[in-house]
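Written below as structure tokens is the structure these notes are about.
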Amino acid sequence: MTATLLLPRWILTMKPGEPVLEGHALLIEGERIAAIGPREALLAQYANAVRIELPEQVLIPGLINAHTHSAMTLLRGVADDLQLMDWLQNHIWPLEKVWVSDDWVFQGSLLAAAESLRAGVTYLNDMYFFPGAMARAAIDAGIRAAVSINVIDFPTGYGSGPDDYIAKGLAAYHQFKGEKLLDWTSAPHAPYTVSDETFIKLRKLAEEHDLQIHCHIHETAGEVADSVKQYGMRPLARLEKLGLMSERLIAVHMVHLDESEIAMLAAKGVHLVHNPNSNLKLASGIAPVKALEAVGVNTVLGTDGAASNNRLDMLGEIRSAALLAKGATGDPEVVTARTALEMATIRAAKAMGREADLGSLEVGKLADVVAVSLGSVECRPVYNPLAQLVYVAGREHVQNVWVGGRRVLNERQITSFDVGALMGRCEHIVGRMKAGMAVS
């Protein structure tokens, strides 16, 4: 088994209570972390290991994007500066109905994987159609993904209705079950697109196969008001009635919450995905992070899709989460730099049910490791490497990435597949789409 010794300036393990380590090294054996310790001691102990010098770089756990729609990179910039329902109903859904296919999802998901790896993201919690295509893209790219059994109550170019979506999702799940890079989720789209009957089916599916449940909830004030009109209750109350409020639930957006709902989230162990930049761009609002933190809700971070954000940039989300919480509450301590980084690492691993293997750099955990350079002009001087990561560094400073011990980004170059060839294929797809939009 090949042993690789990473020799950075700093290591930020994200292990609770552990400070930034300086003058330390990290040893990878196979797909796991085998040792972390003082540099000179590990150099002497593992003299035959492959040595990789990472001057002025800080090692962090691979970032986890807890909510995205990978294939929608192919819709980046297609409809900007709109409110959510206008954006969805009049632009995104009509385009998806015409263009989305297995190959479209595969190419768009590969593009998302390339963008994500170059941003230090090693795990994507995806939600989209054609899950088999997403699974193949993740495997080809060498990135981890939670692939969705995605369900919506109306026909699309992917399926005729809920039972068809479930059948196709389960077929993909069984085809790829056991792949090391893949997890799976039961993924009802949202309360306004999924019936009670379908929610119950997806809850039972999650229980039967031990999956997390991934769903957009309370994204806009209009969604909440419409639910009260249609069902006589707010969406979360409806989901509680249907038995979905549990530690399995990964509730995305959750912008519009009252005190009783926040208390219920904490009591039920629901994980909440904060999408600061997407929610700001769609003018959906700001999640009440201070109130969520006060009662211990496991709040994590996601980018949403590139069609609404328009960046799959988790370092950007980390910074925005910290700044937005401060500005919205007048409390500079509400989301510290460390808390913001926890939201994209150790907390996110917990949300995905993977805290035993991912989310921190610890001996025995999977070697999902990111090296970020703090040596450039815009990152100097460095007093506090953790704060520098959150408030100064950007995705362009990510230099190297390992997923399960495999180096998939080498000095900003993707090593797992031909990005140039992918760009050509994507340009061809987009060219056809532009021609079609011009005709229509």
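Overview of results
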| item | result |
| --- | --- |
| 37 °C / 0.692 mPa s Stokes-Einstein diffusion coefficient of segment 1-93, Kirkwood radius on C-alpha pairs, µm²/s | 198 µm²/s |
| Share, in percent, of DSSP beta bridges within the chain that are antiparallel, nearest 5 | 45 percent |
| Segment Ser246-Ala44, length gained on full extension (0.36 nm per residue, minus Cα span) | 67.9 nm |
| In degrees, nearest ten, helix 221-231 long axis to first principal axis of the chain (Cα) | 50 degrees |
| Gained length - Asn410 relative to Thr2, 0.36 nm times residue gap less alpha-carbon distance | 145.1 nm |
| Segment 360-404 - Rg over Rh from alpha carbon coordinates, Kirkwood radius | 1.04 |
| Peptide ranges 76-84, 394-402 listed from the most packed, as the mean C-beta count within 10 angstrom indicates | 394-402, 76-84 |
| Accessible solvent surface per residue of the chain, calculated while the other protein chains remain in place, 1.4 angstrom probe, Å² | 38 Å² |
| Fluctuation leader among Tyr46, Tyr192, Tyr173 - the chain, Gaussian network, Cα springs under 10 angstrom | Tyr46 |
| Length-normalised contact order of segment 275-344 in % [C-alpha pairs under 8 Å, at least 6 apart] | 32 percent |
| Quarter of the Cα convex hull surface for segment 75-136, i.e. its orientation-mean projected area (nm²) | 4.8 nm² |
| Acute angle (nearest 10 degrees) that the helix 419-439 long axis makes with the longest principal axis of the chain, alpha-carbon atoms | 20 degrees |
| Nearest-0.05 FRET efficiency for Asp196 and Val363, computed from C-beta distance (R0 45 Å) | 0.45 |
| Enclosed volume per residue, in Å³, of the convex hull spanned by Cα atoms of segment 95-230 | 119 Å³ |
| Environment charge of Leu110, counting only residues whose C-beta is closer than 11 Å and scoring Lys/Arg +1, Asp/Glu -1 | -2 |
| Under the Debye formula (equal points on every Cα, no solvent term), log10 I(q)/I(0) of segment 214-361 at q = 0.11, 0.18 Å⁻¹ | -0.39, -1.08 |
| Orientation-averaged projected area, Cα convex hull of segment 394-440 (nm²) | 4.9 nm² |
| Potential lengthening between Tyr391 and Phe154 on full extension [0.36 nm per residue; Cα-Cα distance subtracted] | 81.1 nm |
| Within segment 258-299, trypsin sites (Lys or Arg not before Pro) in DSSP loop having at most 16 other beta-carbon neighbours inside 10 Å | none |
| Projected area averaged over orientations for the chain, convex hull of C-alpha atoms, nm² | 20.7 nm² |
| Separation in nanometres of the label points that stand 7 Å from Cα toward Cβ, at Asp103 and Ala171 | 1.9 nm |
| Across Lys204/Lys229; Lys15/Lys180; Lys15/Lys326; Lys15/Lys290; Lys326/Lys350; Lys15/Lys365, pairs whose alpha-carbon gap is larger than 20 Å | Lys204/Lys229; Lys15/Lys180; Lys15/Lys326; Lys15/Lys290; Lys326/Lys350 |
| Percent RCO, i.e. relative contact order, over the chain, from Cα pairs under 8 Å lying at least 6 residues apart | 20 percent |
| Chymotrypsin sites (Phe, Trp or Tyr not before Pro) within segment 112-172, DSSP loop, no more than 16 other Cβ atoms inside 10 Å | none |
| Of all accessible heavy-atom area on the chain, the percent that carbon and sulfur account for (1.4 Å) | 52 percent |
| Protection proxy ranking, peptides 240-248, 221-229, 313-321, average beta carbon neighbours within 10 Å, highest first | 313-321, 240-248, 221-229 |
| Relative contact order [Cα under 8 Å, 6+ residues apart], segment 228-327, whole percent | 23 percent |
| Whichever lysines have a C-alpha closer than 18 Å to that of Lys177, once near sequence neighbours (fewer than 8 apart) are set aside | Lys168 |
| Pair Ala267, His91: separation of 7 Å Cα→Cβ label points (nm) | 4.0 nm |
| Residues of type lysines that Lys97 reaches as a straight line, Cα spacing below 16 Å, ignoring anything fewer than 8 places off in the same chain | Lys434 |
| Computed [θ] at 222 nm, helices only, for the chain once each DSSP H run of length n ≥ 4 contributes -39500 (n - 2.57) | -11500 deg cm²/dmol |
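The values are calculated or read from the model by the stated rules, or taken from the named source; none is laboratory data. Since we're looking at a predicted model, the values are computed, not measured. When we count neighbours, we look across all protein chains shown, and the Cβ atoms used for this are built from the backbone with ideal geometry, even at glycine. When the accessible area is computed, the model is the full protein with side chains, heavy atoms only, and any ligands, DNA or RNA have been set aside. Shrake-Rupley method; radii C 1.70, N 1.55, O 1.52, S 1.80 Å.
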